[in-house]
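I have placed the structure first, in the form of structure tokens, so that the comments after it can refer back to it.
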Amino acid sequence: MKLSEIKKHLATATGVNFQLPDGKFVPEHFHVTEVGIITKDFIDCGGKTRHEKVANFQLWNADDTDHRLKPEKLMSIIELSEKVLGMEDLEIEVEYQSDTIGKYSLEYNGKDFVLLTKQTACLAEDKCGIEDKQKISLSELSASKEVCCSPGGKCC
């Protein structure tokens with residue numbers, strides 16, 4: 001989800017709720033402690049230089065259980081960040097504390113904002129040297145130790 005999309009949803013939302021990937025919700029007394037830009041410049045395992053930039057929202061739970069973030073307040077935080085930081089219409093990445101700080105993508109289901117898990121991936125599969133797994137049918141396997149446990153025996 002991009003900044004323009006969350007602003008569109010906030011304009012008509014009656015509340016701000018974030019649903020975790022397991023279906024549970026971030027406690028409703030959460031705070032948005034940061035809205036900013038994260039820039040990452042790196043070289044992938046294939047030697048290609050890469051540049052990534054995302055809008056970052058950090059969610060945090062405090063002990064003030066009476067706190068509720070209103071859509072208008074989140075909108076004002078986003079608009080201030082756009083103005084002061086010169087934020088573009090970037091994809092949003094949400095940070096939320098669980099066992100460690102998790103990073104999530106964001107979507108909207110018509111009522112709630114949904115945190116989607118992100119996965120690591122090889123960005124240079126064609127240059128990385130990871131071979132496709134060899135597929136062997138069960139009929140090709142032999143119970144013989146000589147075939148199974150020898151180099152090229154396809155079992156280890």
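If we count every other residue with Cβ under 9 angstrom of Ile37's Cβ, Lys/Arg +1 and Asp/Glu -1, where does the sum land? Present the calculation step by step, with values, prior to reporting the outcome.
Values: positive: Lys53; negative: Glu88.
Around Ile37, the surrounding residues sum to 0.
Could you work out the relative contact order of the stretch 1-87, using alpha carbon pairs under 8 angstrom and six or more residues apart, expressed as a whole percent? The normalised contact order for the stretch 1-87 reaches 34 percent. Packing here is the average count of other Cβ atoms within 10 Å per residue, and on that basis the peptides 73-82, 47-56, highest first, run 73-82, 47-56.
Summing +1 for each Lys or Arg and -1 for each Asp or Glu among the other residues whose beta-carbon sits under 12 angstrom from that of Leu106 gives -3.
Taking every DSSP beta bridge that has both ends in the stretch 1-115, the antiparallel portion is near 75%. When the pairs Lys2/Lys53; Lys2/Lys118; Lys7/Lys70; Lys24/Lys73; Lys48/Lys127; Lys48/Lys118 are compared against a 18 Å limit on Cα-Cα distance, Lys24/Lys73; Lys48/Lys118 fall above it.
Every number here is computed from the coordinates shown, using simple stated rules; none is lab data. The structure presented is a predicted model; accordingly, all values stated were derived computationally and were not measured. Methodologically, a virtual Cβ is constructed for each residue, glycine included, from the backbone with ideal geometry; neighbour enumeration extends over all protein chains shown.
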